[in-house]
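Enquirer: Got a structure for you, questions after.
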There are 2 protein chains.
Amino acid sequence: MQGLMMDLPMLLSRLIDYAADHHGETEVVSRQINGSVERSNWRAVRSRSKQLAKSLLAAGFNSSTHFSSLTWNTINHLEVFYGVLGIGSPLHTLNPRLTVQDLCYMIELMEDKVCFYDSDTQPLAEEIDRHTDFITQWIYLDEGEDLPASTLRNYMSLSMLKDGVDDQFEWPVFDERDAATVCFTSGTTGRPKGVAYSHRSLTLCAMNMTMVDMYGSARNGELVCAMPVAPIFHANGWMMPFSAPMNGHKLVLPGRDFSPAAIVELISQEGVTIAGAVPTVWNDIIATADNSNISLPSLSTALVAGTAIPEKLYDLLEGRGMGVRTTWGMTEVPGATRASLPPTAGDADKANIRNIALNRQGRVGFQADLRIIDGNGNRLPHDGVASGILQVRGPIVAARYVGELESQSVDWLDTGDIAVIYPDSTIQIVDRAKDVIKSGGEWISSPQLEAAAVSHPSVNLAAAVATPHPRWQERPFLLCTLNTGNTVTADELRLHMAKSLAKWWLPEDIKFIDEMPLTATGKINKVRLRELYVQVDAIQQQA
Amino acid sequence: MQGLMMDLPMLLSRLIDYAADHHGETEVVSRQINGSVERSNWRAVRSRSKQLAKSLLAAGFNSSTHFSSLTWNTINHLEVFYGVLGIGSPLHTLNPRLTVQDLCYMIELMEDKVCFYDSDTQPLAEEIDRHTDFITQWIYLDEGEDLPASTLRNYMSLSMLKDGVDDQFEWPVFDERDAATVCFTSGTTGRPKGVAYSHRSLTLCAMNMTMVDMYGSARNGELVCAMPVAPIFHANGWMMPFSAPMNGHKLVLPGRDFSPAAIVELISQEGVTIAGAVPTVWNDIIATADNSNISLPSLSTALVAGTAIPEKLYDLLEGRGMGVRTTWGMTEVPGATRASLPPTAGDADKANIRNIALNRQGRVGFQADLRIIDGNGNRLPHDGVASGILQVRGPIVAARYVGELESQSVDWLDTGDIAVIYPDSTIQIVDRAKDVIKSGGEWISSPQLEAAAVSHPSVNLAAAVATPHPRWQERPFLLCTLNTGNTVTADELRLHMAKSLAKWWLPEDIKFIDEMPLTATGKINKVRLRELYVQVDAIQQQA
């Protein structure tokens, strides 16, 4: 028997319509590329998006045009999101931190025809334009100024495009399974791989992000103000450009200035209640706030993902009264786990909550099922002991990558992580499959080594990588940066680490370096570390 | 461009799978029909459901078999929910409080072939069986006892059906738009009307129910324990049989004993954190707890719907430290509004929150858009002043009723309510367009009362209006004119009406008047009737 409910597809245009119709006055605040802070609201964002959508169609583009963007977390980018997605076209968000070679590869794979750029990314856009003929129209996201001269072959400004076009426009209706945004993985192995989110999957992702148990203590207040500290081109800034309008939350966009000082200023001035960032970024935010005596009283929830949160950072955040919520996800499945605590950890049990926040990466949620398998594809128990390859499945999970055939779709996506799943369905990422150190047939977890190292008061960041060893196959090699003015010897550090680790895990080689190479997402760049500090023949042997 | 995400339909079997796989030990507690309390968990509920599904298929039933249930809020009913829905069959939940005539009408309209009943509803089942040939298989929901003898033509027990069948069963995959549960409205005008929820709409409803801003202060703790005090046959017990497994919450089912003492006992013994009920029921719960000196410390959230919450009750609930969340919905759109506070009402502003809880019925949420129109279909502003016919639209809203043609589907569903929408998108229901009488959370249809009255040979015209009642909120007040020269007493008329109506529908107050005020179009003028015969202060109190 057929259900008799209204058959409305889950299109992202419904999000901006909802926000504009029912939370029209709720603020959207953006630090622009030029440094100014623009204050707007959801009604105005929809108006701008509709005007853009209408202008794009008038200019001859349509739902089969592939768009890309080379810009930061600004309101202009948000307008492009809803304007482009609203007409059913995919928007490929390019990461300006990547190389021209990688960007051209992605553009050509996606067959992008139009690209939005800004005053910051203009030189990069010009370089791309010299390397590929795919982009036939460049659109400058102006902020009130004149269109700057450029070597781009065909460019205009957003204002020129929209000139004389009003916002009287009805969003078209199409299949909710059509592509919406496209994000590429950082490509730590081989070429970057493109994930084509559908309108359906992003709507479900945004719902998932804001369900009970996810939004942390921001749930205590109704005045939610969300800030994506992650760039929008990373898994859509952890979905906040979608979850904020879906819930009528205030949205604060930090532009291109991710410096701790700028972020702290925005949190403080705009009353941000929830922000999501990787631990290194949180470290910087708290250090900067401390140094400037800024207390950030509004900030009630710190969403932490990317890597495990160090003890020191957890205590700092909690000490400031924030609810720390650790979650886990990847480009292929954003917000994969719920940042919820297991049923055994009530509010009364602070020590237990701390332990879980430090050692688990969230809990399996309804939209993304998780399992672990061994090397032969056999399922392993969720007993808190067995560790295996983490796989994920659900309507918010990528089935295949851009350019792959339908026959290459998978039922369970291999995450590339090694994990333990506990009986309460919290998960612990033990290692990246490719970062795991195999010593004498046993696994040594690099994150656990690193956590033990940074728990030393002098150590700022630590990274463990494998080096080849004639007897043990591989042994850990630890690289550390120290806190300013601090010192520690390798022996002292090993002695400290021995308190929490098995002896055979302790690295024989420890090196103190001045600067830790980071990826565009703020994670430690182990590929670069290996290039710099591990012998080439060793890398080859490892691969 | 096509999105490249996994194409998994939103089937309700995924909810029970999720709960069993990841919250398997989380309790499901049920007061059974026989009064005993059964303790189980999500793993066991899935096991029972799978066993039932497999048994039904083995017995020759399939996804085109229409099932119905005539029972209460027990774990057996929950098992039937997932067992029947899991194989893609619709489950029509009958309300045992209705008349045999109405129940037979619904069964025949739905073409139900199988019906589940229990020891409490057996006499009603037998009466139905005497009136209709549609049900060819009755299945007794036994609670360990032997199958009681019955006049039913073809009956067996659940245990007999499942005898020798194991739980090794894979849920089939089908269209998420297929019908899941079917609930009938109480039929304020004419016959009851059936709403056929789809798997898609119920999944979205359950997500909606548990998004940020809805679950109230239950969000402060992770140990959510939900109890549907509303019977499951009313809009699926406000969705808790779906939202609880979706979130791994503990679920407490009160069986058929909705007496305040029984409810208070369960809340206290099981640590219920969130319960949903109409104001009269909340009143009884608090009074009973007070009289027994039970403090109910676990209960952190009181979801209130059905009718506006009286001031006194609000203060009582808040005084006990509960977060009161008022919401609004109807069979056609369960959980239509989010029980959230507007952005101007932060936690700091208690008086404002109180005012909104008392005078508004929630806020427009993402899944159900609301608008008001005038008699000519023109949209009215959301200015907190204009009042108009409330209409609703969204993927969780009924497009048409059972038995209607596809061409009868509507884009906006007329709720039959008159409402004001405020600029912050909170709504206030100011009147019921169709003069329905709400007694103790149940609807009494004034047209049906009137029809029963005028079916008496002496009665000429009859009009039922609501009068305020301290316990039941509203009771029907019947006004009649008699045919010339005829006489009838109130008691005689009530006796006559009892032949076709449930006892609790019968009006205590019946008044015979000389002339019925009519509108210009010849319809009974209820506005004038109320002016003439219902106490003014009562009306004001009501408004």
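Enquirer: Is it the case that the stretch B:482-500 has a residue that's of a type in the set (Lys, Arg) and under 24 Å from the mean Cα position of the chain (by Cα)?
Expert: No, because not a single residue in the stretch B:482-500 is of a type in the set (Lys, Arg) and under 24 Å from the mean Cα position of the chain (by Cα).
Enquirer: Kindly provide the set of residues from the stretch B:17-52 that are small (Gly, Ala, Ser) and open to solvent by less than 50 Å² (accessible area, probe 1.4 Å), ordered by number.
Expert: Initially, the stretch B:17-52 is screened for residues small (Gly, Ala, Ser), giving B:19-20, B:24, B:30, B:35-36, B:40, B:44, B:47, B:49.
Within the stretch B:17-52, B:ALA19, B:ALA20, B:GLY24, B:SER30, B:GLY35, B:SER40, B:ALA44, B:SER47, B:SER49 meet the criteria.
Enquirer: Among the residues of the stretch B:255-294, which ones are closer than 22 Å to B:ARG354 by Cβ, out of contact with any strand residue (DSSP E or B) (no Cβ under 9 Å at 6 or more places or on another chain) and small (Gly, Ala, Ser)?
Expert: B:ALA287, B:ALA289
Enquirer: Given the options A:LEU109, A:LEU85, A:LEU4, name the one that is without any contact (Cβ under 8 Å) to a residue 12 or more places away in the chain and within 14 Å of chain B (Cβ to nearest Cβ).
Expert: A:LEU4
Enquirer: Of all residues being within 13 Å of A:MET330 (Cβ to Cβ) and at pLDDT below 95 in the stretch A:395-417, which is surrounded by the fewest Cβ atoms within 10 Å (Cβ to Cβ)? Just the residue, please.
Expert: Out of the qualifying residues, it is A:ASP414.
Enquirer: May I pose another question? Are there any helices (runs of 4 or more DSSP H) wholly within the stretch B:274-387 with 1 or more residues that are modelled with pLDDT under 85 and of a type in the set (S, T, N, Q), and if so which?
Expert: Numbers: elements: B:279-291, B:311-319, B:350-359.
Filter on the stretch B:274-387 gives B:279-291, B:350-359.
Enquirer: If you check every pair at least six apart or on different chains, which have Cβ atoms under 6 Å apart with a residue in the stretch B:353-376 that is without any contact (Cβ under 8 Å) to a residue 40 or more places away in the chain first and a residue that is charged (D, E, K, R) second?
Expert: Listed by first residue and then by second, the contacts come to B:ASP369/B:ARG393; B:ILE373/B:ARG379.
Enquirer: Is one or more of the residues making up the stretch B:163-179 at pLDDT 95 or above, assigned to a helix (DSSP H, G or I), closer than 23 Å to B:LEU57 by Cα and in contact with a His (Cβ under 9 Å, 6 or more places away or on another chain)?
Expert: From the stretch B:163-179, those at pLDDT 95 or above are B:163-179; that's our starting set.
Still in the list and also assigned to a helix (DSSP H, G or I): none.
The answer is no, given that none of the residues of the stretch B:163-179 is at pLDDT 95 or above, assigned to a helix (DSSP H, G or I), closer than 23 Å to B:LEU57 by Cα and in contact with a His (Cβ under 9 Å, 6 or more places away or on another chain).
Enquirer: Looking for something crowded, with 20+ Cβ neighbours inside 10 Å and over 26 Å from the mean Cα position of the chain (by Cα) - is there at least one such residue anywhere in the stretch A:112-124?
Expert: no
Enquirer: Now for a separate question. Can you name the condition, by its number, that A:ALA451 falls short on among (1) part of a strand (DSSP E or B); (2) open to solvent by less than 70 Å² (accessible area, probe 1.4 Å)?
Expert: In the conditions (1) part of a strand (DSSP E or B); (2) open to solvent by less than 70 Å² (accessible area, probe 1.4 Å), A:ALA451 misses (1) alone.
Enquirer: To continue, here is another question. Among the residues of the stretch B:53-64, write down those that are open to solvent by 60 Å² or more (accessible area, probe 1.4 Å) and either within 14 Å of another protein chain (Cβ to nearest Cβ) or not in a helix (DSSP H, G or I) (or both).
Expert: Scanning the stretch B:53-64 gives B:ASN62, B:SER64.
Enquirer: Could you run through the stretch B:7-16 and say how many residues are surrounded by fewer than 20 Cβ atoms within 10 Å (Cβ to Cβ) and either of a type in the set (S, T, N, Q) or touching a residue at least 60 places away in the same chain (Cβ under 8 Å) (or both)?
Expert: Adding up the residues that qualify gives 1.
Enquirer: Hey, another quick one. May I ask you to verify whether B:THR426 is under 24 Å from the mean Cα position of the chain (by Cα) and of a type outside the set (Gly, Ala, Ser)?
Expert: yes
Enquirer: Right, next: Does B:LEU413 fit the bill of being out of contact with any Leu (no Cβ under 8 Å at 6 or more places or on another chain), more than 10 Å from chain A (Cβ to nearest Cβ) and of a type in the set (A, V, I, L, M, F, W, C)?
Expert: For B:LEU413, the condition - out of contact with any Leu (no Cβ under 8 Å at 6 or more places or on another chain), more than 10 Å from chain A (Cβ to nearest Cβ) and of a type in the set (A, V, I, L, M, F, W, C) - is not met.
Enquirer: Let me ask something else. Return the residue satisfying two criteria in turn: it lies in the stretch A:418-448 and is touching a Ser or Thr at 6+ places or on another chain (Cβ under 9 Å) and open to solvent by 60 Å² or more (accessible area, probe 1.4 Å), and of such residues it is nearest to A:PRO470 (Cα to Cα).
Expert: Ranking the qualifying residues of the stretch A:418-448, first place goes to A:TRP443.
Enquirer: Another question, then. Looking only at the stretch A:388-408, count every residue that is part of a loop (DSSP other than H, G, I, E, B) and either more than 8 Å from chain B (Cβ to nearest Cβ) or touching a Cys at 6+ places or on another chain (Cβ under 8 Å) (or both) and tell me the total.
Expert: Result for the stretch A:388-408: 3.
Enquirer: Tally up the residues in the stretch B:279-322 that are open to solvent by 20 Å² or more (accessible area, probe 1.4 Å) and not acidic (Asp, Glu), please.
Expert: Total meeting the criteria: 21.
Enquirer: Among the hydroxyl-bearing types (Ser, Thr, Tyr) and surrounded by 20 or more Cβ atoms within 10 Å (Cβ to Cβ): does that describe A:THR151?
Expert: No.
Enquirer: Next up: For a quick check of your reading of the model, give me the residue pairs whose first member lies in the stretch A:161-179 and is over 30 Å from A:ILE396 (Cβ atoms), whose second is open to solvent by 40 Å² or more (accessible area, probe 1.4 Å) and of a type in the set (A, V, I, L, M, F, W, C), with beta-carbon atoms closer than 6 Å and at least 6 apart or on different chains.
Expert: So the pair list comes out empty.
Enquirer: While we're here: Answer with yes or no whether B:VAL28 is β-branched (Val, Ile, Thr) and under 23 Å from B:ALA180 (Cβ atoms).
Expert: Criteria met by B:VAL28.
Enquirer: Test of understanding: among A:GLY83, A:GLY88, which residue is small (Gly, Ala, Ser), modelled with pLDDT of 95 or more, under 30 Å from A:GLU176 (Cβ atoms) and not in a loop (DSSP other than H, G, I, E, B)?
Expert: Values: A:GLY88 fails: not in a loop (DSSP other than H, G, I, E, B).
Of A:GLY83, A:GLY88, the one residue that is small (Gly, Ala, Ser), modelled with pLDDT of 95 or more, under 30 Å from A:GLU176 (Cβ atoms) and not in a loop (DSSP other than H, G, I, E, B) is A:GLY83.
Enquirer: Scan the stretch A:242-273 for residues that are in a helix (DSSP H, G or I), of a type outside the set (A, V, I, L, M) and over 11 Å from A:PRO228 (Cβ atoms) and report the count.
Expert: 7
The values are calculated or read from the model by the stated rules, or taken from the named source; none is laboratory data. Just so we're clear, the structure is a prediction, and the values are computed from it rather than from any experiment. Quick reminder, even Gly has a Cβ in these numbers, built from the backbone with ideal geometry, and neighbours come from all protein chains shown. Side chains are part of the model used for accessible areas, which takes the heavy atoms of the whole protein and leaves out ligands, DNA and RNA. Shrake-Rupley method; radii C 1.70, N 1.55, O 1.52, S 1.80 Å.
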